[in-house]
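Here is the structure we will look at.
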Amino acid sequence: MNKAEAARHPSGVAAGLSARARSGWGVTDGAGSPAHRGSNSHEPHGSHEPHGASTQLGKTWHEALKALWHGAKRLLTDRMFMRIQHRRLIGRWPKMKHPVAYNESILQRCLHPDMRWVGLTDKLAVREYVRRKVGEAHLIPLVAAPERFTREVFDALPNAFVMKATHGCAFVKVVREKSQTSFEELNALAQAWLSIDFSRCSREWHYHFIEPRLYFEQLLLDETGKIPSDLKLHMFGGRVEGPRIYTMVVADRFGDVHGDLYDDHWNRMDVAFGPYTPSAAAMPRPPNWPEIERVAKRLAEDFAYVRVDLYSVGDKVYFGELTFTPGAGVLRFTPDSHDYEWGRMLKESTEGFERMRRAGCA
């Protein structure tokens, strides 16, 4: 079933997903797989070998366990894979039938996607939605979207650009100086990306219906010459007064990366979220926050919950992506109580949005 058919026949999609869950497809891991966030290696208990040898043995044992896991998970049903992965990375078995925590609810979203998400997580197709909602000015200029990546395409690229793929997360290659890379290097990376069925990495099934394609965007830089911070706005809708917005600011993503979570009043929260280390100091609210908020609200207004990623460069606001299953249900909160707090908010947003929809307000 192709993407267009999927949008027209969501019941058929559900049946197809169920069949694939039973079939035990082979897994091709790539960028975006959360497996690298597993537990650290440990020295064998009771070892009397020199420290260097025991450390190396511990690493070898850890790598062997990882290889065993990667081999075994292709045989698991979606639900079993998610349960084990959640236990490995969050530290507890998830409630799959009646989710309470945020990550548990995200697992449910992965298994039972709204088929509207297909076109909105496709990094090229979503541009039309953004254009319609907030205008062309908020799209990062597109350099090229070739059917095939050829040497001629490479030669026509500007000196600086970003290479991306449409069908998953973390398919990003920043090129600041084209002379420092080559067609062969980029093509090898591109072909590796395009060979991945991203839906199998963490069982986010809406990604399966996205056509893998390569595209190139203008490289955005801030006034210091760095990649601008990634503003990840978690939009909890279903409220007449407007959504609650929690913003994760990920700074220096390709260097000394840090991440800080801010509440809806821009107070930095004492919460570690996912793999990010908090910054030494809080970041002031961006001076163009009203425009950031306006763009995010427009892009999120059709959904109970979505994460809207934006970039602020000077006084301009650029769109990054829409994400409906952040972290595939394995983003650890520290302290863990915030997983349950966000789970409560997500439940309230979903129920409130449905009430508003029935009343003709959404």
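In contact with a strand residue (DSSP E or B) (Cβ under 8 Å, 6 or more places away or on another chain) and either without any contact (Cβ under 8 Å) to a residue 40 or more places away in the chain or exposed (fewer than 14 other Cβ atoms within 10 Å of the Cβ) (or both), is that true of residue 263?
Criteria met by residue 263.
Which of the residues that make up region 301-316 are in contact (Cβ under 8 Å) with a residue 60 or more places away in the chain, surrounded by fewer than 19 Cβ atoms within 10 Å (Cβ to Cβ), in contact with an Asp or Glu (Cβ under 9 Å, 6 or more places away or on another chain) and outside any strand (DSSP E or B)?
314
When the residues of region 254-289 are filtered to those that are of a type in the set (Asp, Glu) and in a loop (DSSP other than H, G, I, E, B), which remaining residue is farthest from residue 329 (Cα to Cα)?
Filtering first and then ranking leaves 256.
Write out, first by first residue and then by second, each pair whose Cβ atoms fall under 9 Å of each other, whose residues are 6+ apart or on separate chains, and whose first residue, in region 322-334, is in a loop (DSSP other than H, G, I, E, B) while the second is acidic (Asp, Glu).
So the pair list comes out as 324/114; 324/204; 325/204; 331/339; 332/339.
Of the numbered conditions (1) farther than 23 Å from residue 304 by Cα; (2) open to solvent by 20 Å² or more (accessible area, probe 1.4 Å); (3) in contact with a Pro (Cβ under 9 Å, 6 or more places away or on another chain), residue 114 fails exactly one; give the number of that condition.
Condition (1) is where residue 114 drops out.
Output yes when any residue across region 96-105 is on the phi < 0 side of the Ramachandran plot, in a helix (DSSP H, G or I) and not polar (S, T, N, Q), and no when none is.
Yes: region 96-105 contains one or more residues that are on the phi < 0 side of the Ramachandran plot, in a helix (DSSP H, G or I) and not polar (S, T, N, Q).
Of the numbered conditions (1) surrounded by 17 or more Cβ atoms within 10 Å (Cβ to Cβ); (2) touching a residue at least 40 places away in the same chain (Cβ under 8 Å), residue 298 satisfies every one except a single condition; which is it?
(1)
Select from region 73-95 the residues that are in contact (Cβ under 8 Å) with a residue 12 or more places away in the chain, β-branched (Val, Ile, Thr) and in a helix (DSSP H, G or I) and list them in ascending order.
90
What pairs can you find where one residue is in region 226-237 and acidic (Asp, Glu), the other is open to solvent by less than 10 Å² (accessible area, probe 1.4 Å), and their Cβ atoms are less than 9 Å apart, with a gap of 6+ or different chains?
Going by the 9 Å Cβ cut-off, the qualifying pairs are 230/248; 230/249; 230/250; 230/259; 230/309; 230/310.
Every residue in region 197-250 that is of a type in the set (Ser, Thr, Tyr) and at pLDDT 95 or above, please.
Once the filter is applied, which keeps residues that are of a type in the set (Ser, Thr, Tyr) and at pLDDT 95 or above, region 197-250 yields 207, 215, 229, 246, 247.
The values are calculated or read from the model by the stated rules, or taken from the named source; none is laboratory data. Note that the structure is predicted; figures quoted are calculated from it, not measured. Quick reminder, even Gly has a Cβ in these numbers, built from the backbone with ideal geometry, and neighbours come from all protein chains shown. Please note that ligands, DNA and RNA were not included when accessible areas were found on the heavy atoms of the full protein model with its side chains. Shrake-Rupley method; radii C 1.70, N 1.55, O 1.52, S 1.80 Å.
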